[in-house]
Amino acid sequence: MAKIWDNVVYSCSMMLVFETEDHIDKWCSRHNMPKGDIKRLDELQPFAAAWYGNYLDVNWKKWTVSEACELMDRHGFSGPTWALEERAGRF
């Protein structure tokens, strides 16, 4: 996640939905891509609701890095895939 904004289109295009982990393994092998973190849709939905839930609020502000880290930790998004570089400012 630390480099997501370097190429956000590519990053988002790599967030894919599969039926089984076997399908993931086959896709990764076919495309010569490393397997990243795997999340079920029922794990993603509460995170997405928290992440995007306030975007239409008049006073919405982009997450700070600290806020983004806390939100990801709260929803079990941890490990190297989700790591962010500690810095001031917004994510």
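The values are calculated or read from the model by the stated rules, or taken from the named source; none is laboratory data. Quick caveat: nothing in here was measured; it's all calculated off a predicted structure. Virtual Cβ from ideal backbone geometry, glycine too; neighbours counted across all protein chains shown.
Cβ-Cβ distances below 6 Å connect the following pairs, each with a first residue in the range 59-81 that is closer than 12 Å to residue 37 by Cβ, a second residue that is assigned to a helix (DSSP H, G or I) and modelled with pLDDT under 90, and a separation of six or more residues or different chains: 72/82.
Hey, could you check the range 61-81 for residues that are part of a helix (DSSP H, G or I) and among the β-branched types (Val, Ile, Thr) and say which is surrounded by the most Cβ atoms within 10 Å (Cβ to Cβ)? Looking at the filtered set, the residue picked out is 65.
Residues that are over 19 Å from residue 82 (Cα atoms) and among the charged types (D, E, K, R) within the range 8-51 comprise 19, 21, 22, 25, 26, 30, listed in sequence order. Restricting attention to the range 70-91, the residues that are in contact with a strand residue (DSSP E or B) (Cβ under 9 Å, 6 or more places away or on another chain) and aliphatic (A, V, I, L, M) add up to 1. Among the residues of the range 1-28, those that are β-branched (Val, Ile, Thr) and closer than 22 Å to residue 65 by Cα comprise 4, 8, 9.
Here residue 58 meets each of (1) in a loop (DSSP other than H, G, I, E, B); (2) closer than 20 Å to residue 15 by Cα; (3) of a type outside the set (Phe, Trp, Tyr) with one exception, condition (2). Whether a residue is surrounded by 13 or more Cβ atoms within 10 Å (Cβ to Cβ) and β-branched (Val, Ile, Thr) was assessed, and residue 20 does not pass this test. Evaluated against (1) surrounded by 12 or more Cβ atoms within 10 Å (Cβ to Cβ); (2) in a helix (DSSP H, G or I); (3) among the aliphatic types (A, V, I, L, M), residue 49 falls short on exactly one condition, (1). Of the candidates 21, 86, the single residue that is among the acidic types (Asp, Glu) and touching a helix residue (DSSP H, G or I) at 6+ places or on another chain (Cβ under 7 Å) is 86. In the range 5-31, the residues that are modelled with pLDDT of 90 or more reach residues that are surrounded by 10 or more Cβ atoms within 10 Å (Cβ to Cβ) and of a type in the set (D, E, K, R) with C-beta atoms within less than 7 angstrom, at least six apart or across chains, in these pairs: 24/35; 25/35; 28/35. Filtering the range 17-46 to residues that are within 11 Å of the chain's Cα centre (by Cα) and in a loop (DSSP other than H, G, I, E, B) leaves 36, 37, 38, 39.
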